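Below is one structure, written out as structure tokens; the observations come after it.
The values are calculated or read from the model by the stated rules, or taken from the named source; none is laboratory data. Only a predicted model underlies this, so the values are computations on that prediction, with no experimental measurement involved. Note that each Cβ is placed from the backbone with ideal geometry, even for glycine, and that neighbours are counted across all protein chains shown. Side chains are part of the model used for accessible areas, which takes the heavy atoms of the whole protein and leaves out ligands, DNA and RNA. Shrake-Rupley method; radii C 1.70, N 1.55, O 1.52, S 1.80 Å.
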Amino acid sequence: EAGVAQSPRYKIIEKRQSVAFWCNPISGHATLYWYQQILGQGPKLLIQFQNNGVVDDSQLPKDRFSAERLKGVDSTLKIQPAKLEDSAVYLCASNLRAQSGEKLFFGSGTQLSVL
Amino acid sequence: AQTVTQSQPEMSVQEAETVTLSCTYDTSESNYYLFWYKQPPSRQMILVIRQEAYKQQNATENRFSVNFQKAAKSFSLKISDSQLGDTAMYFCAFMKHSAGNQFYFGTGTSLTVIP
């Protein structure tokens, strides 16, 4: 089966610019997650979707980050304007259901460098 | 809130030897799941092993096994017969057993297998 697709793989921008990341989860997976992974740290949840609804966005910096999952399939994460501290790998993950302890399937991530 | 702690930032092991990676967690939940994920330089997060908290028997997957101590809130990963391909970052993760709950990750342990 196809895995979680993410694009772009790398992105370099200057501070105060905007950037968008795209994620296509595994077909049929209702739950989609965006994680931020700063170098040397573990992934930190930014936002979790169940179908097209937001389950948890408590750690999303809403003054600059936004995410949507129209139609409950693909998702886009946007940063506007970017700051130096946003430099990180942004990982998208999905699973069939949030409960029942099902494992997450991860994409390869987008590495963002903010100069 | 749930926290996951990995106290070993870096470890190394000789090829064919055995190594144990430590993980502790803090939760007031009684039903939950624990995971070990591997992240090689490609950034792709790969599930290594999964443990349900209600199961007393330790999970095993080929060369990988865990020592799950629920009372001590400890979940260590043992890698037997280490191979060069095991070189990667290893993340311990926790998930509550209820709807709409996210994964919490530790800070990771960088494992190097020495030829």
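Here are the numbers:
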item: Residue count, region B:64-86 (criterion: of a type outside the set (A, V, I, L, M, F, W, C) and open to solvent by 50 Å² or more (accessible area, probe 1.4 Å)); result: 8
item: In region B:65-115, the residues that are part of a strand (DSSP E or B), of a type in the set (A, V, I, L, M, F, W, C) and more than 14 Å from chain A (Cβ to nearest Cβ); result: B:V66, B:L77, B:I79, B:L111, B:V113, B:I114
item: Within region B:36-53, considering residues that are more than 10 Å from the chain's Cα centre (by Cα) and either under 20 Å from B:S65 (Cβ atoms) or at the interface with chain A (Cβ under 9 Å from one of its Cβ atoms) (or both), the one most open to solvent (accessible area, probe 1.4 Å); result: B:I46
item: Matching residues in region B:1-19 - criterion: being part of a strand (DSSP E or B) and either among the acidic types (D, E) or open to solvent by 60 Å² or more (accessible area, probe 1.4 Å) (or both); result: B:T3, B:T5, B:E10, B:S12, B:Q14
item: Candidate set from region B:5-35 (those that are of a type in the set (A, V, I, L, M) and within 14 Å of chain A (Cβ to nearest Cβ)); member that is nearest to B:P115 (Cα to Cα); result: B:L21
item: Whichever residue in region A:55-66 is at the interface with chain B (Cβ under 10 Å from one of its Cβ atoms) and free of Cβ contacts under 8 Å to residues at least 40 places away in the same chain and, among such residues, is least open to solvent (accessible area, probe 1.4 Å); result: A:D56
item: Some residue of region A:31-47 being loosely packed, with under 15 Cβ neighbours inside 10 Å and more than 23 Å from B:A88 (Cα to Cα); result: no
item: Output for region B:20-35, where each listed residue is of a type in the set (S, T, Y), open to solvent by 40 Å² or more (accessible area, probe 1.4 Å) and assigned to a loop (DSSP other than H, G, I, E, B); result: B:S22, B:S28, B:S30
item: Search result, residues across region A:15-30 that are open to solvent by 80 Å² or more (accessible area, probe 1.4 Å) and free of Cβ contacts under 8 Å to residues at least 60 places away in the same chain; result: A:W22, A:S27
item: Residue that is under 25 Å from B:Q51 (Cα atoms) and among the aromatic types (F, W, Y), where the choices are A:F65, A:F21, A:F105; result: A:F105
item: A:S108, sole failed condition from (1) outside any strand (DSSP E or B); (2) within 12 Å of chain B (Cβ to nearest Cβ); (3) open to solvent by less than 30 Å² (accessible area, probe 1.4 Å); result: (3)
